[in-house]
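K.L.:
Have a look at this one before I ask anything.
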Amino acid sequence: MIKKIKELEAASKLLEPNAGEREQLRDAVVNYTENFIETIGEQKARYVTEHNGAGLYNYPIQETGIDLDKVLDIYQENLDEVGSNCPSPGYLAYIPGGSIYHSALGDFWAGISNRYSAVFHSGPGAVRMENMLIDWMKDLFKYPKAAVGNLTSGGSIANLLAVLAARDNAKLSGETLNKAVVYFSGQAHHCLDKALRIACLGEVNYRFVPLDDHYRMRVDALEDMIQEDKAAGLEPWLLVGQIGTTDTGAVDPINKLADVAEANKMWFHIDAAYGGFFTLTEEAQKHFAGVERSDSIVLDPHKGLFLPFGTGVVLVKDKSALDKSCSSKANYMQDTKDLAEELSPAELSPELSRPFRALRMWLPLQILGLAPFRAALSEKLLLTKYFYQEIQKQDHIVVGPEPDLSVAIFRYEPDPQLGIDANEFNKQLVKLIEEDGRIFLSSTNIDGQYWIRFVALCFRSHLDIVDTALQIITEKSKILLDNQQKAAV
Ligand SMILES: *Cc1c(COP(=O)(O)O)cnc(C)c1O
């Protein structure tokens, strides 16, 4: 047996490369990533390929490994040169995610030290690091000391936790569930509907509140709906406000929504996954009046703090609302209760073992301080203003309302005499821009109309790429128009 153990030990030693081998591995990966960052400005924001990464299946997992150089080639071809390139400055679509270097190093470091961040007893430092970040965000939104929060994988899970808290706070079940009403903006993110269904709340009554001409929730319409629902014997339960919708970046009138929620004893949740960190700027302050009156709020540091994908946040004012779903006990963890100086993340979420998420956020904030984040966010607001102002100067371009944050919508309206379908034209325009790849724009449908979205949130998007975008839009709409006119002849 000893002989066998020794043999296995020798074979498993490959799992622990020595210093020289680590250096080789590290150099190869660092060289790759250095090249990636150094050439990011020349890379496409969107790759249109036939294979879309299917080459990965040519390399099934086997008993013995392959060369790292080969692995890097496989990666480049099947991951970095297909689909969307979110870290690229030309990525102006959907809601851009970040990928700041400090945060990536935090992930590298966290992967090596592998601090256990679920339970205080195991990782008191890791838990305190998360809690101090949560405290910082509580302060940003003037939440009380007793409020709690959790670093999640993203905004969807953070919204789910808020929905669970709202559900258990109102003790919804059976009859109360059928009578409960949730009120959203017509532009609420689809993850809220998903969260309700996951929380077994698919049967509650949904109300999509009409929007004003800035796509903000109309408070008068909300109040009318609530009165009608009450008259019909229903129970207003949850009001969801948006700080930045995904469609247009619209911000609901938060303070007024708080009044309505208070008057009707509803849980007031704010989905600020996209827009929340704009609170770090002077310019956006007006949108945040009244945030402290909400019961829960969701943020996405992997959007507004430019972290790589994988970090969302939920803040909940009343911890007891989360207890029903998330408090835990287990015999095999009995000793962990002896050292519990702070609340553990595992008490606030369905997760137990989880990535050590705090380091990827704490490291950049500590090393850089807040100033560059504030500057980048203010810059994105101004770039969007600039884009909005300049795109209007182009022939046949129609714009949506003045942007609240960093999303601007526009569409090309061809001369009606040409008999061109405007929706189809704009769809083709997005496709042409995508095929070009220097920038990437996405679209949305508003009341049956196809609108193109410009979103500045990638930390690498600066004035030059906005000018390039303006130029590409002119160029491609001209080509498209010419083609259509030729085809019509
Ligand atoms: C991105 C987003 C979400 C979902 O967050 P994920 O991090 O993608 O899970 C929810 N709401 C809004 C407004 C968003 O922009």
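Bear in mind that the values in this text are calculations on the coordinates, not laboratory data. On a predicted model such as this, the values are computed, not experimentally measured, just so you know. Reconstructed Cβ throughout: ideal geometry from the backbone, glycine too, with neighbour counts over all protein chains shown.
K.L.:
Expressed in nm to one decimal, what extension gain is obtained for the pair Phe309 and Trp109 from 0.36 nm per residue of sequence separation less their Cα-Cα distance?
P.N.:
70.3 nm
K.L.:
Let me ask another. What share of the DSSP beta bridges in the chain is antiparallel, in percent to the nearest 5?
P.N.:
55
K.L.:
Sticking with this structure for a sec: What is the sum of charges, Lys and Arg at +1 and Asp and Glu at -1, for the other residues whose Cβ falls under 13 Å from the Cβ of Asp415?
P.N.:
Computed value for this residue: -3.
K.L.:
Continuing with this model, one more query. Would the stretch 1-139 count as rounded, prolate or oblate if I go by the C-alpha gyration tensor, calling it rounded below 1.5 in a/c and otherwise prolate when a/b exceeds b/c, oblate otherwise?
P.N.:
oblate
K.L.:
Same structure again: Rounded to the nearest 0.05, what FRET efficiency is calculated for Arg26 and Ile74 with R0 set to 25 Å and r the Cβ-Cβ distance?
P.N.:
Working: r = 19 Å, r/R0 = 0.76.
Calculated value: 0.85.
K.L.:
With contacts defined as alpha carbon pairs under 8 Å and 6 or more residues apart, what's the relative contact order of the chain in percent?
P.N.:
The normalised contact order for the chain reaches 21 percent.
K.L.:
Right, here's the next one. By average Cβ neighbour count within 10 Å, what is the ranking of 155-163, 229-237, 59-67 from highest down?
P.N.:
Listed from highest to lowest mean packing, they are 155-163, 229-237, 59-67.
K.L.:
Based on the mean of other Cβ atoms within 10 Å per residue, sort peptides 86-94, 288-296 so the most packed one is first.
P.N.:
86-94, 288-296
K.L.:
While we're here: Per 0.36 nm of contour for each residue apart, how much would the distance between Ile66 and Ala375 grow if the chain were fully extended, relative to their Cα-Cα spacing?
P.N.:
106.8 nm
K.L.:
Computed FRET efficiency, Cβ-Cβ of Ala289 and Ile479, R0 35 Å: what is it to the nearest 0.05? Write out the running numbers ahead of the final one.
P.N.:
Values: r = 46 Å, r/R0 = 1.30.
Using R0 = 35 Å, I get an efficiency of 0.15.
K.L.:
Let me ask something else. For Cα pairs less than 8 Å apart in space and 6+ apart in sequence, what is the mean separation divided by the residue count of the stretch 238-327, i.e. the relative contact order in percent?
P.N.:
25
K.L.:
The stretch 420-484 to the stretch 6-34: how many Å between their Cα centroids?
P.N.:
That distance is 45 Å.
K.L.:
Now a separate question. So how much slack lies between Met132 and Asn445, counting 0.36 nm per residue of separation and subtracting their Cα-Cα distance, in nm?
P.N.:
Extending this stretch completely gives an extra 108.6 nm.
K.L.:
Taking the highest mean first, how do the peptides 334-344, 4-14 order by number of other beta carbon atoms within 10 angstrom per residue?
P.N.:
Highest mean packing first, the order is 334-344, 4-14.
K.L.:
Determine, for Met333, Met361, the number of other Cβ atoms within 10 Å of each Cβ, and report the residues in order from fewest to most. The partial results should precede the final answer.
P.N.:
Numbers: Met333 14, Met361 24.
Ordered from fewest to most neighbouring Cβ atoms within 10 Å, Met333, Met361 come out as Met333, Met361.
K.L.:
Could you check the simple spin-label distance between Asp139 and Arg197, using points 7 Å along Cα→Cβ, in nm with one decimal?
P.N.:
Spacing of the two 7 Å Cα→Cβ label points: 4.1 nm.
K.L.:
Under 1.5 on a/c is rounded, so check that first for the chain, then, if it is not, pick prolate when a/b is larger than b/c and oblate when it is not; a ≥ b ≥ c are the square roots of the alpha carbon gyration tensor eigenvalues. Could the numbers behind the result be given before it?
P.N.:
Values: a/c = 1.91, a/b = 1.08, b/c = 1.77.
Since a/c reaches 1.5 but b/c is at least a/b, the shape of the chain is classed as oblate.
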